[in-house]
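Report on the structure given below.
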Amino acid sequence: MTPGPGKLPPASSAPTVMGVVSRHPGQSHWEKDYDRCARQDVMTIELNHTIVHSRDKRAAAAFLAGLFGLPNPVAWGPFLAVGVANQVTLDFYDSDAEIASQHYCFLVGEDEFDQIFGRIQAQGIPHWADPGHDKPDEINTHDGGRGVYFDDPSGHNLEIITRPYGDSR
């Protein structure tokens, strides 16, 4: 019996590694750890929001919303919130302190990738195939999907991908 999406096989029929059910025999250590972290039968925990420190929250929030084709940012206290489809908000916050670059990766559909990447190209936004910015003007094709990195106005390293890493469907 094959389990449905997001479901683990019954413990009695599934191979285990150190007591953790493995979805696929022969997975690498990283893939097994990734599977263990992605298990949905442990507890229901969802990311609700994250604070994105910015040099100019209006510019940073408008950049993300415009590039991704999302609704306009919504003011909430000292934040400008940009919501994405999985009910997570990125809450942009003005900061006078030095801003440490963070990485934010967004899983998008093939059509959304084409639209967002088209806007990146049309606006002349520098982009790379890798997080170290060593492969300019390229996209990657990891795990049979597409991905690209680019910076927001505050220097955060943003990424869009069409397949989660480790997902070689």
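So here's what we get for this one:
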read-out: Test: GLY118 is free of Cβ contacts under 8 Å to residues at least 60 places away in the same chain, assigned to a helix (DSSP H, G or I) and surrounded by fewer than 16 Cβ atoms within 10 Å (Cβ to Cβ); value: yes
read-out: Residue identified as touching a helix residue (DSSP H, G or I) at 6+ places or on another chain (Cβ under 6 Å) and either modelled with pLDDT under 95 or of a type outside the set (Lys, Arg) (or both) among ILE120, ILE160; value: ILE160
read-out: All positions within the range 128-162 that are assigned to a loop (DSSP other than H, G, I, E, B) and either closer than 19 Å to ALA65 by Cβ or touching a residue at least 40 places away in the same chain (Cβ under 8 Å) (or both); value: ASP152, PRO153, SER154, GLY155, HIS156, THR162
read-out: Those residues of the range 39-87 which are of a type in the set (A, V, I, L, M, F, W, C), out of contact with any Lys or Arg (no Cβ under 8 Å at 6 or more places or on another chain), surrounded by 10 or more Cβ atoms within 10 Å (Cβ to Cβ) and touching a residue at least 24 places away in the same chain (Cβ under 8 Å), in sequence order; value: ILE51, VAL52, ALA59, ALA60, ALA61, PHE63, LEU64, PHE68, ALA81
read-out: For PHE92: the one exception among (1) part of a strand (DSSP E or B); (2) out of contact with any Leu (no Cβ under 7 Å at 6 or more places or on another chain); value: (2)
read-out: Test set (1) more than 16 Å from GLU159 (Cα to Cα); (2) within 16 Å of the chain's Cα centre (by Cα); (3) of a type in the set (Ser, Thr, Tyr) - SER54 fails condition number; value: (2)
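The values are calculated or read from the model by the stated rules, or taken from the named source; none is laboratory data. All values derive from a computational prediction rather than experimental measurement. Neighbour counts are summed over all protein chains in view; Cβ atoms, including those assigned to glycine, are modelled from backbone coordinates with ideal geometry.
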